[in-house]
1. Scan THR564, THR611 and give me the residue that is polar (S, T, N, Q), in contact with a Gly (Cβ under 8 Å, 6 or more places away or on another chain), farther than 30 Å from GLN518 by Cα and modelled with pLDDT under 80.
2. Restricting to region 171-183, name every residue that is in contact with a Gly (Cβ under 7 Å, 6 or more places away or on another chain) and open to solvent by less than 10 Å² (accessible area, probe 1.4 Å).
3. Looking at (1) open to solvent by 20 Å² or more (accessible area, probe 1.4 Å); (2) under 12 Å from LEU314 (Cα atoms), which is the only condition GLU255 fails?
4. Inspect all residues belonging to region 389-401 and state whether any of them is in contact with a Pro (Cβ under 9 Å, 6 or more places away or on another chain) and under 24 Å from ALA311 (Cα atoms).
5. Six or more apart or on different chains, Cβ atoms under 8 Å: show the pairs whose first residue is in region 374-398 and farther than 19 Å from GLU424 by Cα and whose second is basic (Lys, Arg) and open to solvent by 30 Å² or more (accessible area, probe 1.4 Å).
6. From ALA204, ALA225, which residue is at pLDDT 90 or above, over 30 Å from GLN392 (Cβ atoms), of a type in the set (Gly, Ala, Ser) and open to solvent by 10 Å² or more (accessible area, probe 1.4 Å)?
7. Return yes when LEU298 is open to solvent by less than 20 Å² (accessible area, probe 1.4 Å) and in contact (Cβ under 8 Å) with a residue 12 or more places away in the chain and no when it is not.
8. Would you please name the residue that is surrounded by the most Cβ atoms within 10 Å (Cβ to Cβ), looking only at residues in region 558-581 that are aliphatic (A, V, I, L, M) and in contact with a Leu (Cβ under 7 Å, 6 or more places away or on another chain)?
Amino acid sequence: MMLPVQNPEQSTVVEGEDIDNRPAAGTRTLLFAALLLSLPIYLLVLFLGDDPILRGQWSSGRSGSAGNRQQSRPKPVIKGVAGMDFAPSETAPINSTDELVKAMVCTFEPRSGAIPERVYLRIGSFEKFSATGMDTGFSRMAERGWPDFAFSDSPQRFPVEPGVTADLHFFCNFEERLPHPAPLQKLAGPLDFCSMRDGSIVLAQTIAVGDEFEVEFGGVPRLVAADELAEVDADSPYLALGFVESDELRAKAGEISRDTVPGPQTVFKIVDYLEKNGTYRQNYRQTTSMHPVKEFLLKSMTGSCQHFAAALLLLCRMNGIPARVASGFASSKRSENSFVIVETMAHAWVEVLTRKGWKIVDVSPQRSDSPPPVASGVSLPSAAQLATIKEQLRKENARRYAPDGAGEDGSETAESAEFAEEAEPPRLPQRITRGNDFEEAQPAGTVSKDNARIEKQKKAAAERKRRKEENARRQSLKRIISAIVAFLLLVTIVWLIIQNAEKWLKWLLKLRKKKAEQQQEQSGTANEELLRGALVKMSAMNEFELQGKDVIILFNRFTRFMETRGLLPRQEHETPGEYFDRLCVELNLRPADGKIAAQCFEAELYGGQPTASAEVRKFLHFLQQILNKIG
């Protein structure tokens, strides 16, 4: 005898369910309630203080003090000088004071010695020819003992000229290589520095608007006829030709220097040849596949300052004169005692190695197809105006690149004057040499021993430190108060949850049950509409269409509908006849109608006989009676 097996998918209706009998559902509901109630706590913490997750401050770390978190800030736009690639330049000349202020890089203000007619601020040098331009290796090699430097603890190979002091004031964010006069002897400023083998200076970070440097250097060393050239080895990099070695160029170099005494006179004759026969054109483009310097000397004799400097270098080396190309800025525009340096004054010149160090040689072509960097009619700001402009640009720079959320930590807002005074300037780290190659920076005023200037900077630094410490204390107090308030609120909410957990759980379970009933009712209503539609459609058929109609599909749809509604569903192993008899009893219908409907269905289901149209109509009529009863 087979025992009936209960269908696990059969729906049952449970009335008066006890909460204690459903621990899993109650636990899930409690977790949901706790998460829901923790939302106001989180929003409150966001309101009272910074949110570390959203701001990403845990990933970016903390600064030295507890109140100064590392905040992300926009990446500053950094200006700089390009390499020796001989690319054409399309820069337009400066025609107004406003354009000049926007293009300003720095000012150079001599504080002692005679004021020169023209200043050269070197950034780097190039000692070797590449396949398409010039390159350098020495500007990326730290070397404190190179001859251009005269630090007190460095060995000297060349005599040191009497020092001249000057100030550099920056009006833009500039790269980590410091434009400076050479030969540099002393340096003071806001950033640690490293002297490189070619005499350039690399700073620990990029320069920011408002930075001030104090330098001491050996004047402006221009090559003169009395200079004696230094003797170097034949394989010296300052005599190398590399990719531009050519018999044609050697012949031309010999022709230019014919009948001259080896030495500075040879250099001056080469300069005279280039100035008389060359044409300066800033946007010159190559017309051949030759090296730019070779094309310049053999074909065009037209180009920018890079072409003239590289040509002079090549002709000097072919005559046995050690030399290199220097790049940076050159300016003769002076406002009172300050030379104004703008972007369009980027320049390249030659430095010849003598027994007294590197000496500057610059080519000034007599013919030019390009306008000057600054138009002659543009008025330069006065020294007082330059100081005001620099301060305004410094504050604007601090606000423009303020960290995200500046002012939200209780400190001054990014728009306030106090914020601009104490904000850290936007900088980027250097990417040229190792961090342990750097010397500690000295404050401006130590080079010329200006005690008043040093004291002023110390007071300003002490004031900035005091404000930072005050902000740090204020932030610490605010975080403590926020933590206490958040803790009290958390305890209060947890206590409320514990006290009212059972009530809230019953309420949530009731809502869930009600929602399930609504979904079930909607599903039952949809099934009922489909079933009624099918009955109406079949009742409207004629005798021929109704003859042999498959009623099994209709019966299955009816049983699914009754199961979904949870009203008198068909039981397991219950025959159609037994099911219809039970429906007649429960719904007070005529048992004879149920038997006729069951016979109609069972004749087709078990006997495989086609159903007559009259019997089908009786079957449809019986199903409609049931729907009307439960309806």
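The values are calculated or read from the model by the stated rules, or taken from the named source; none is laboratory data. Owing to the predicted nature of the structure, the values given are computational and were not obtained by experimental measurement. Using ideal geometry, Cβ is built from the backbone for each residue, glycine included, and neighbour counts are taken over all protein chains shown. All accessible areas refer to the heavy atoms of the entire protein, side chains included, with ligands and DNA or RNA removed. Shrake-Rupley method; radii C 1.70, N 1.55, O 1.52, S 1.80 Å.
1. Numbers: THR564 fails: farther than 30 Å from GLN518 by Cα.
Unique residue meeting the criteria: THR611.
2. Taking region 171-183 first, the residues in contact with a Gly (Cβ under 7 Å, 6 or more places away or on another chain) are 174-175, 177, 179, 182-183.
Matches in region 171-183: PHE174, PRO179.
3. Failing condition for GLU255: (2).
4. So far as region 389-401 goes, no, none of its residues is in contact with a Pro (Cβ under 9 Å, 6 or more places away or on another chain) and under 24 Å from ALA311 (Cα atoms).
5. VAL374/LYS333; LEU380/LYS333; LEU380/ARG334
6. Numbers: ALA204 fails: over 30 Å from GLN392 (Cβ atoms).
Checking each option against the conditions leaves just ALA225.
7. Details: open to solvent by less than 20 Å² (accessible area, probe 1.4 Å): no; in contact (Cβ under 8 Å) with a residue 12 or more places away in the chain: yes.
Taking the combined requirement at face value, the residue does not satisfy it.
8. Initial filter on region 558-581 (aliphatic (A, V, I, L, M)): 562, 567-568.
Then drop every residue that is not in contact with a Leu (Cβ under 7 Å, 6 or more places away or on another chain), which leaves 562, 568.
Numbers: MET562: 22, LEU568: 17.
My answer is MET562.
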